[in-house]
1. So for Thr572, Thr66, Thr469, fewest C-beta neighbours within 10 Å to most, what's the order?
2. Summing +1 for each Lys or Arg and -1 for each Asp or Glu, what net charge is found among the other residues whose Cβ lies under 14 Å from the Cβ of Gly332?
3. Mind listing the phi-derived Karplus ³J(HN,Hα) values for region 64-79, rounded to whole Hz, using 6.51, -1.76 and 1.60 with θ = phi - 60°, and x for any glycine or proline?
4. Tell me the net charge near Gly504. Cut-off is 12 Å between Cβ atoms, Gly504 excluded, with +1 for each Lys or Arg and -1 for each Asp or Glu.
5. Pop the C-beta distance of Ser28 and Glu183 into the FRET formula with R0 = 60 Å and round what comes out to the nearest 0.05.
6. Any idea which of Leu38, Leu307, Gly281 is furthest toward the positive side of the dipole for the chain, if Lys and Arg beta-carbons carry +1 and Asp and Glu beta-carbons -1?
7. Rounded to the nearest 500, what is the 222 nm mean residue ellipticity of the chain from helices alone, with -39500 (n - 2.57) per DSSP H run of 4+ residues and division by all residues?
8. In the chain, if the dipole is taken from +1 on Lys/Arg beta carbons and -1 on Asp/Glu beta carbons about the Cα centre, which of Leu83, Pro420, Leu23 is farthest to the positive end?
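FYI, it's all coordinate maths here, none of it is from the lab. No experiment lies behind these values; they were computed from the predicted model shown. Counting neighbours? That spans all protein chains shown, and the Cβs are built from the backbone with ideal geometry, glycine included.
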Amino acid sequence: MPTDAELRLSNLARGAWPLLKRLPQVLSGYRLVKSSDLDRRYSIGSILEHNARRHGALPALRYRGTDISHAELNARANRIARLLAERGVSAGAKVGILLDNRPELILSVAAIVKLGAVAVVHNNRLPPPSLAHCVGLAPGEQMIVGRECLETWQSLADHLPAEQAIAPLVVADDEAGPVVDGELDLLALADTQPDDNLPQTAEVRMGDTCCYVFTSGTTGLPKAAVIRHIRWIKAMGAFGLMALGLKPGQVLYNVLPFYHNTALAVGWSSAAATGACLAIGRRFSASRYWDEVREVQADALVYIGELCRFLYNQPATNSDRDHQARAMVGNGLRPDIWMDFKRRFGIERVYELYGASEANIAFFNILNQDRTVGLCPAEYALVECDHDSGEVRKGADDRLIRVKSGGTGLLLGKVSKSYPYDGYTDDRASEAKLIRNAFVDGDCWFNTGDLLKDLGYRHARFVDRLGDTYRWRGENIATTEVEAAAMAVDGIAEAVAYGIKIPGAEGRAGMLAFRPEPEADIDQLIETIAEDFSSHLGEYAIPVLLRQVGHLDATGTFKFVKRDLVNEAFDTNKVSDPLWIRLPNTKHYQALTPTLQEQLTHSKLGY
């Protein structure tokens, strides 16, 4: 009987065979992945121009029954770019974008990066205070706002300095209506511009910044992660050329929001890599998803684990495999449903990846192995750490300790010329993510804050997040942001937020332990917490559970001790404190009764 190592080697060989059949394409992708020439004049804009020349008549974007060809995408982006240039946007300038998922978002990003400018892609689901914080991190010379987001933008007026509350270029919407008198109509103004390629595009280098996307990082409010063209191009090489390898005219369907790198960098670049078509879903609906996959005639899908879990939890139907999508690319597919998901929905290839907006390295499952994030072409290390605090452990020589083969450790990515660290717009926040002199004097490593398990042959499996962040609803949530919102509620004396496991749910749900002021009316306080959280936190960041405590333990450096709180979670055999729960699709908390606790434990509440 073959050993586990022999079986894995055999599986790797089988996974490599499809790559050999398109070896030139795979090698082209590999060269991009390993590229380090930051001065090379090669960019998103030049790739779009190449596709317009080579695949001009084929579809580049598909949305609600309408196609935009590669030639048309390039021409429309050129017109918007010329309008922006006329309004003073030049290389290095920042332009904000606040739009739902639709073609105009891609067209706007394309236009901005063609000028060598920076597209600041905002999360349109953030509440006004958080969104204003993001705008303040990267104020734009211009702002492009969809008609559907205009009210959100206008609501920021009280949260922004006067110079940042600029009149936006508005994009009409088939849901929210046309641009009205007194508003600047982006598309109407752009239609008066020439559509030929701009000379500025030829000057854009791989090392130039193309986008800012916002991430919670590990602490505090969202941070602006810097994305350079080389990151997008490496993603194109890895996921578009080495992994998916779609043919021109084939369709990749994405319903994830484009303010996430999984959609903006992985999804878009994977289609653009080969002249394939990116089909755009406006918003995710578990009950409609496969109908939309059929409607757009998708050959492949972009996913995150949360999306897969919702689909998996839908009642099985005879049409679950009635579509032509046989591959998907994304991150977070749970190992425990991996095989069943593939069988039920007819998915043959899962190109799972691991990465982060601010990280300098990534793993990708190019060999189509099961239950793994794949391998990493860059130098990385899995090191020992304290799983409660996230602090790295050092040996007697004051160096970090690598975990043994097959072990689980904190993932570090070596910062190098080929895999530089771009960080955030905040230099101090950027430096805080680095570990210097880790193994030898002068080395530098990016601390991902994540635990991965070594599977051998440079493959790994994601295990969990460390520190003051947990992942829920596909979002990274900083506990400090939730705690700050809680401490702003009158009647709360102390509060600590943390993530807990809910059976059957992807990621970790938010839970808040709070100590009330002595005079607080608890019933009224719970109502106030619900109202304030709805106003100041994104829906995904609002804690699912509340726990009233008499005291909170803290360390000598005044950091709350969360270990026992996390372990006890909502187990009423361990917790005698009052507990409340926020049920799915509700806005208020109610007492966690024994019946609800039983339903929660047995995955019957729909999380």
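1. Listing Thr572, Thr66, Thr469 from fewest to most nearby Cβ atoms yields Thr66, Thr572, Thr469.
2. +1
3. 6, x, 10, 9, 10, 6, 4, 5, 5, 4, 5, 5, 5, 5, 4, 5
4. Residues near Gly504 contribute +2 overall.
5. So the FRET efficiency works out to roughly 0.85.
6. Going by the charge dipole, the pick is Leu38.
7. Helix contribution divided over all residues of the chain: -8000 deg cm²/dmol.
8. The Cα lying farthest towards the positive end belongs to Leu23.
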